[in-house]
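Student: Next up is a structure, given as structure tokens.
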Amino acid sequence: KADDTKGQYSPDWDLAVTTLNEKATGSLRRALLVLLGAVGLVLLIACANVANLQLARAASRSREIAVRVALGASPADLVRQLLIESLLLALAGGLLGLVLAVWSVPALLSLGGGRGLPAATDVHVDSTVLLFALAVSLLTGLVFGLAPAIRVARTSLHESLKEGGRGVAADRGGLALRRSLVVATVALALMLLAGAGLLIRS
């Protein structure tokens with residue numbers, strides 16, 4: 001419309017600019033970030049538990065590892081074998097998680113889980129999710145399988161054969177690492193519990 005006082009035209013409409021993230025997540029962006037942090041804590045707790053179990057299993061296999069070393073296996077061979085076992089375990093867990101995600105996402109959306117989410121109809125498991133799950137599975141399997149593998153590779157041949165497979169008590173370094181993992185697991189669980197309580201309160 002015309003502005004007679006200035007001889008210019010002033011528009012009678014406004015322009016609002018929103019980012020793509022705001023358009024996709026709406027008012028749930030902060031809640032989704034909190035949920036992502038909680039999922040990360042659960043992943044760390046699970047990985048710490050699996051690493052602890054692998055350390056205990058490796059300690060119980062000390063005699064087997066000693067026999068392999070006596071037959072000519074190098075520390076690199078032992079690390080490679082245990083890392084492959086860890087990666088296979090991580091990939092199996094990632095595959096199970098993907099199956100649960102494919103089944104649960106439609107169920108959650110049908111129950112109103114996408115309420116307040118503008119792009120709820122576009123939520124699905126696609127190739128990006130598959131690649132992300134594969135990368136996370138490989139990374140966690142490599143990182144949390146490395147410590148048990150290195151620990152086993154440093155096993156003393158003489159001590160392991162002398163203990164006759166009862167190397168759990170003799171492996172003080174491994175026991176200390178397992179206790180540290182238990183402490184880390186409890187600390188992460190308490191953080192997750194406190195975060196969940198605050199999320200429910202707010």
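Student: Just to be sure I understand, how many residues within region 44-60 are open to solvent by less than 70 Å² (accessible area, probe 1.4 Å) and within 11 Å of the chain's Cα centre (by Cα)?
Tutor: 4
Student: Take the conditions within 24 Å of residue 187 (Cβ to Cβ) and surrounded by 13 or more Cβ atoms within 10 Å (Cβ to Cβ) and apply them to residue 65. Does it pass?
Tutor: no
Student: What number of residues in region 144-202 are among the aliphatic types (A, V, I, L, M), surrounded by 15 or more Cβ atoms within 10 Å (Cβ to Cβ), at pLDDT 65 or above and within 29 Å of residue 79 (Cβ to Cβ)?
Tutor: 10
A quick yes/no check of all residues on (1) at pLDDT below 75; (2) in contact with a Gly (Cβ under 9 Å, 6 or more places away or on another chain); (3) not in a helix (DSSP H, G or I):
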{"position": "23", "(1), (2), (3)": "yes, no, no"}
{"position": "26", "(1), (2), (3)": "yes, yes, no"}
{"position": "30", "(1), (2), (3)": "no, no, no"}
{"position": "33", "(1), (2), (3)": "no, no, no"}
{"position": "38", "(1), (2), (3)": "no, yes, no"}
{"position": "49", "(1), (2), (3)": "no, no, no"}
{"position": "53", "(1), (2), (3)": "no, no, no"}
{"position": "64", "(1), (2), (3)": "no, yes, no"}
{"position": "68", "(1), (2), (3)": "no, no, no"}
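Student: Any chance region 126-138 includes a residue that's over 30 Å from residue 68 (Cα atoms), modelled with pLDDT under 85 and part of a loop (DSSP other than H, G, I, E, B)?
Tutor: Yes, region 126-138 has at least one match.
Student: Being part of a helix (DSSP H, G or I) and over 20 Å from the mean Cα position of the chain (by Cα) is the filter; apply it to region 178-202 and report the residue that is nearest to residue 151 (Cα to Cα).
Tutor: 179
Student: Could we say that residue 70 is in contact (Cβ under 8 Å) with a residue 60 or more places away in the chain and either within 10 Å of residue 149 (Cα to Cα) or buried (at least 17 other Cβ atoms within 10 Å of the Cβ) (or both) here?
Tutor: For residue 70, the condition - in contact (Cβ under 8 Å) with a residue 60 or more places away in the chain and either within 10 Å of residue 149 (Cα to Cα) or buried (at least 17 other Cβ atoms within 10 Å of the Cβ) (or both) - is not met.
The values are calculated or read from the model by the stated rules, or taken from the named source; none is laboratory data. Just so it is clear, the structure is predicted and the values come from calculations on it, not from any experiment. With ideal geometry, Cβ positions are generated from the backbone for all residues, glycine too; neighbour counts draw on all protein chains shown. Heads up: the accessible areas ignore ligands, DNA and RNA and are worked out on the full protein's heavy atoms, side chains in. Shrake-Rupley method; radii C 1.70, N 1.55, O 1.52, S 1.80 Å.
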